[in-house]
Amino acid sequence: KLIYVLNGPNLNLLGKRQPEIYGHETLADVEERMRKKAATLDLTIEFFQSNYEGAIVEKIHEAREKADGIIINPAAYTHTSVAILDALNAFDNPVVELHISNVHKREAFRHHSFVSARAEAVMAGFGTLGYELALEYFK
Ligand code: DQA
């Protein structure tokens, strides 16, 4: 199985950005750990990050033909993007929404997610460990 792992805006700064909330691990560290974990589960991952909403929408379009599932951390677009929700609604395989932090413990504007209306499962607050745990869902 091929799983697309999609990361939204500012996650390129993971490890440097508000480490008290998001931890010290970089996105490259997360990718490396996921690749190792995926291999043990007989899964392959396509790892992607963009700060641009349209680029994420287009990657989801690409996933329509290629991916058996999507793990997505839409970051700030979680709370704003009908376009990403619509793109995910055009994708037929399972979707896991992931947040490093527990968004429900934070500001009220982070409590609503457009993507949750489409996701089979939602993870929040597991830190970067969540990315590996989410892979288990697809096994
Ligand atoms: C986030 C939570 C979002 O509210 C925030 O905008 C992010 C990261 C998380 O992984 O905890 O950029 O998705």
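No lab work stands behind these numbers, since they all come straight from the coordinates. Source: prediction; values computed, not measured. We place every Cβ from the backbone using ideal geometry, glycine too, and count neighbours over all the protein chains shown.
With respect to (1) surrounded by 12 or more Cβ atoms within 10 Å (Cβ to Cβ); (2) without any contact (Cβ under 8 Å) to a residue 60 or more places away in the chain; (3) among the hydroxyl-bearing types (Ser, Thr, Tyr), the lone exception for residue 40 is condition (1). Put simply, of 45, 71, 84 the only residue that is part of a helix (DSSP H, G or I), surrounded by 19 or more Cβ atoms within 10 Å (Cβ to Cβ) and touching a helix residue (DSSP H, G or I) at 6+ places or on another chain (Cβ under 6 Å) is 84. Of the residues screened, residue 107 is not one that is within 13 Å of the chain's Cα centre (by Cα), within 13 Å of the ligand (Cβ to nearest atom) and of a type in the set (Asp, Glu). Taking each residue of the range 101-118 that is over 13 Å from residue 72 (Cα atoms) and looking for partners that are away from the ligand (no atom under 11 Å from the Cβ) with beta-carbon atoms closer than 8 Å, six or more apart or interchain, yields 117/85.
Just to be sure before I move on: is residue 32 away from the ligand (no atom under 16 Å from the Cβ), assigned to a helix (DSSP H, G or I) and more than 18 Å from residue 13 (Cβ to Cβ) in the structure I sent?
Spelling it out, it is not the case that residue 32 is away from the ligand (no atom under 16 Å from the Cβ), assigned to a helix (DSSP H, G or I) and more than 18 Å from residue 13 (Cβ to Cβ).
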